[in-house]
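Quick notes on the structure that follows.
The values are calculated or read from the model by the stated rules, or taken from the named source; none is laboratory data. Bear in mind the structure is a predicted one, so any value in this text is a computation, not a measurement. Cβ: placed from backbone, ideal geometry, glycine included. Neighbour counts: every protein chain shown. These accessible areas exclude ligands, DNA and RNA; they are computed on the full protein's heavy atoms, side chains included. Shrake-Rupley method; radii C 1.70, N 1.55, O 1.52, S 1.80 Å.
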Amino acid sequence: MLGSCTRRGRAPADNSDVLAMFRLVYSGEGATQPLVDDCSLTKEQKWQLLFDRNWRSLAPSSQTKWLVYLRKWKKWTDDHIEQPEGYLVYPSSKVSAFLQSILEECTASNSKDPLGAVKSARKALRHLRACQVGIPEEGTEFPSQPYIAGVTSRAKTATAEARQCEGADPSCSASTLSNEEYASLLEAAMRYPDKQVGLCVAAMVSIGMTAGYRSDDLQDTRYFMESVSSVPAEPLPMQVLAMAHNAGKANQDAQMTYAALANHRQPHLDCLAYLSQHVLHQINVSKLPLMTLIHQNDMSWRCYRIFFRDPSMATSKQTYYDLSTMLLKVAATMPDVLVKTKVTHLMRCSGTVTLAAAACSMDVMRVWGRWARAEGVMGKSYLPKSPLSALPATGILAGFGTDFMTNHAFGRGTVAVPTSWIDCVVPHARVILQAVRLRNRMRIGRADLSGQHTVESILYLAETFWQSSPFMLQRYGLGWWALQLPAVRAIVGSTLFRDFEQQVINAEMECNARPLSPQLTEAFDKISKQVVSLSEQVALLQLSVKQPSDSPLAAHHNMAAASSSTMQAPAAKRPRIELAVEAQVGLSSGLNSVQEAVDEWFFGLHGFPAPTLLSDQAVQRGQRLSKKAVDSLSKRRHLPLRIHTLAVDRCWPLKKAMAVYELVMQRHRLSLAELRDAVRLSSPVRHPKAKGGKPAQSQHVNRSPGLPLISISQFATWVQKATDDIASMSISW
């Protein structure tokens, strides 16, 4: 199995007793003064400077690791009261005795790395010793003192013996993933029953390997550090998604460093495809309020991490155990046992070996792995600030080799995805992007360029989601998580999707530089047949849900024969299907702006016609609108027609009239449904063809339970106040 998940690095929450050892003072023979030489400082200030320099400046993950060994030092000292000077890291003979006990403990437990444990304990004591005032110098550096160096030498010998024993694993990939193991781990993650865990692991493994992330990087990867740029490759430009970090134990200066991700040539290894699955699951299933917060210019969205074990933990940095536990759970479901010496560092090691095997230069690998900081100003300040600095490594890890600039044959990327499909998986994202762009351009409120980049990235991931969907269907069938979304299920069951998936498969075949082998051609044909079969099943499932139980079509035909039977039935004998307004108008599931309400009524939205044309088109298709659908559409007309009347009465542009009701929504925190209801009750607009009917009896707007009621007169006052405020604004509309 993968490396052990025992909590060897997590210290108890209360470490006050351990941290108290930092304040100890040696006052015996040869005591010295603190290294901070400034007579204007008090003793407390001098100690605080030492503590800040030697402890507080450490990364939290390093502090956690050292605290474990400091607690062992405290316990060992308590058990050996014969040792002098208590908890002080002095003399060196006492320190060496403690390190010897660590070595013996590792040897007894058959550890393969006693030297690593001894070095970690030595480093922890070095930080403690630096803060304990008065300890005399012993002539040499702490690690080189004779007693301590002797234990280190014995630890090296013990480590060599442990690794040369007969039971040692001779495998050359004990700390890396082979291509087969990588693909198998991704598939196990996608099939894992808990989709929150499985999709997170799939995205984490693929991005960790492609970007060379350490565990500390994965724990703190956030949404606000994303952007998409285009590289002019041939025959298709390469879209690069950049992910940035300004934290981590290897980045104490908080310098912004970047990693680049690109679509993989093989669909089942595409890191952006797995990232899109994970992100869209968070938005649609976990209900992450990311897009809403960006739209509201609420900067708290920047706290959200991409990888987390539970949605309740999404705003805080994850721990090593949060991520490693998920990875171990998924790895345990793989068909073959995965025996590795690393867990979350496994992906970084694997990516490095993959680059070396592809003859990537050492200079590029140093930039890719953020190892170039030793190269002076260029390696520390210039190269890490661009995701394109290690572009050759990105091309290799994306499966296009070193000649990716002239051989970027990314077939599925040439197939356009319908805009309405993108809107189904990321509702209102394009509208939010326009609003954020306008806000940034006009400098309204606080600028949020990172919010703009994040929405652009999510839209690109939504496009990648659909371009990889035929292959997801082929590999995971009806177990693909996205089919639980009604909008995705409806699209996959449509004839338009069948044409789309055939275009994707054909494009993948045409973009191969070499002629396909008979085996590969046969594989693509098999994929095409399986995907068509699955999408037909989804279509029939959709049809069976919509049809009434007493329908002749549902009573006499099973799912396997329903498709052919309905296609062969004469048009005159087709049953009249109730046209559900939810499915055809496609707006009641989540509109939230006045602009969308107006666009829906007058122009149509999300690929659907305007409601005024909907009834006529239904009649032409041999269908009819149900009474419920007619009533729902009728209630939607009041707000857009009232806005139109206001614009005509005051000779205003339509946008200025819309701004009145947008202002009312924002000031009084109304939803679009509440605004529509208030307009309908306060000033109903009679339809020209209406045949009587009773006026509205209610004097209050329907609201969610727990919210205060809104009277009609109160709403009319709000509208009048907003109208006066908009009229007084000197803005060019």
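All of 123, 65, 112 fail the test of being touching a Gly at 6+ places or on another chain (Cβ under 6 Å) and basic (Lys, Arg), apart from 65. The residue that is nearest to residue 458 (Cα to Cα), among those in the range 403-429 that are within 19 Å of the chain's Cα centre (by Cα) and open to solvent by 40 Å² or more (accessible area, probe 1.4 Å), is 427. Candidates are the residues of the range 113-131 that are among the charged types (D, E, K, R) and either in a helix (DSSP H, G or I) or touching an Asp or Glu at 6+ places or on another chain (Cβ under 9 Å) (or both); the one that is farthest from residue 55 (Cα to Cα) is 119. Candidates 159, 176: the one that is within 30 Å of residue 481 (Cα to Cα), modelled with pLDDT under 90 and open to solvent by less than 50 Å² (accessible area, probe 1.4 Å) is 176. Listed by first and then second residue, the pairs with beta-carbon distance under 7 Å, at least 6 apart or on different chains, first residue in the range 660-671 and under 11 Å from residue 719 (Cβ atoms), second outside any helix (DSSP H, G or I) and open to solvent by less than 50 Å² (accessible area, probe 1.4 Å), are 664/670.
Each row is one residue, and each column tells you yes or no for (1) more than 21 Å from residue 682 (Cα to Cα); (2) of a type in the set (Lys, Arg); (3) at pLDDT 85 or above.
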{"residue": "619", "(1), (2), (3)": "yes, no, no"}
{"residue": "622", "(1), (2), (3)": "yes, no, no"}
{"residue": "632", "(1), (2), (3)": "no, no, no"}
{"residue": "643", "(1), (2), (3)": "no, no, yes"}
{"residue": "650", "(1), (2), (3)": "no, yes, yes"}
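Restricting attention to the range 108-146, the residues that are within 20 Å of residue 71 (Cα to Cα), open to solvent by 70 Å² or more (accessible area, probe 1.4 Å) and of a type in the set (S, T, N, Q) add up to 1. The single condition from (1) hydrophobic (A, V, I, L, M, F, W, C); (2) more than 29 Å from residue 210 (Cα to Cα); (3) open to solvent by 60 Å² or more (accessible area, probe 1.4 Å) that residue 449 fails is (2).
Restricting 294, 283 to those that are in a helix (DSSP H, G or I), closer than 30 Å to residue 319 by Cβ and touching a Phe, Trp or Tyr at 6+ places or on another chain (Cβ under 7 Å) reduces the list to 294.
Each residue in the range 346-357 was checked for being surrounded by fewer than 19 Cβ atoms within 10 Å (Cβ to Cβ) and in contact (Cβ under 8 Å) with a residue 12 or more places away in the chain, and 1 pass. All conditions in (1) modelled with pLDDT under 85; (2) under 26 Å from residue 358 (Cβ atoms) hold for residue 212, with the sole exception of (1).
Here residue 379 fulfils each of the conditions (1) in contact with an Asp or Glu (Cβ under 8 Å, 6 or more places away or on another chain); (2) open to solvent by less than 10 Å² (accessible area, probe 1.4 Å); (3) without any contact (Cβ under 8 Å) to a residue 60 or more places away in the chain apart from (1). In this entry, residue 65 is excluded by the filter for residues that are open to solvent by 60 Å² or more (accessible area, probe 1.4 Å), in a helix (DSSP H, G or I), charged (D, E, K, R) and modelled with pLDDT of 90 or more. Exactly one residue among 44, 29 is among the acidic types (Asp, Glu), at pLDDT below 85, farther than 30 Å from residue 219 by Cα and in a helix (DSSP H, G or I), and that residue is 44.
Checked against (1) open to solvent by less than 10 Å² (accessible area, probe 1.4 Å); (2) closer than 19 Å to residue 186 by Cα; (3) out of contact with any Pro (no Cβ under 6 Å at 6 or more places or on another chain); (4) not charged (D, E, K, R), residue 479 passes all but a single condition, namely (1).
Restricting attention to the range 301-320, which residues are out of contact with any strand residue (DSSP E or B) (no Cβ under 7 Å at 6 or more places or on another chain), in contact (Cβ under 8 Å) with a residue 12 or more places away in the chain, over 16 Å from residue 198 (Cα atoms) and assigned to a helix (DSSP H, G or I)? Scanning the range 301-320 gives 301, 303, 320. Restrict the check to the range 191-207 and report whether at least one residue is touching a helix residue (DSSP H, G or I) at 6+ places or on another chain (Cβ under 9 Å), modelled with pLDDT of 90 or more and open to solvent by 50 Å² or more (accessible area, probe 1.4 Å). Looking for residues that are touching a helix residue (DSSP H, G or I) at 6+ places or on another chain (Cβ under 9 Å), modelled with pLDDT of 90 or more and open to solvent by 50 Å² or more (accessible area, probe 1.4 Å), one finds at least one in the range 191-207, hence yes. For the range 54-81, the tally of residues that are over 30 Å from residue 217 (Cα atoms) and of a type in the set (A, V, I, L, M) stands at 1. Of 274, 258, 213, all but one fail to be of a type outside the set (A, V, I, L, M) and in a strand (DSSP E or B); the exception is 258. Every listed requirement among (1) closer than 28 Å to residue 266 by Cβ; (2) within 19 Å of the chain's Cα centre (by Cα); (3) open to solvent by 70 Å² or more (accessible area, probe 1.4 Å) is met by residue 510 save one, (2). Residues of the range 382-402 that are touching a His at 6+ places or on another chain (Cβ under 6 Å) and either more than 29 Å from residue 179 (Cβ to Cβ) or surrounded by fewer than 19 Cβ atoms within 10 Å (Cβ to Cβ) (or both): 399 alone.
If you go through the range 78-99 and keep only what is open to solvent by 50 Å² or more (accessible area, probe 1.4 Å) and assigned to a helix (DSSP H, G or I), you end up with 78, 79, 93.
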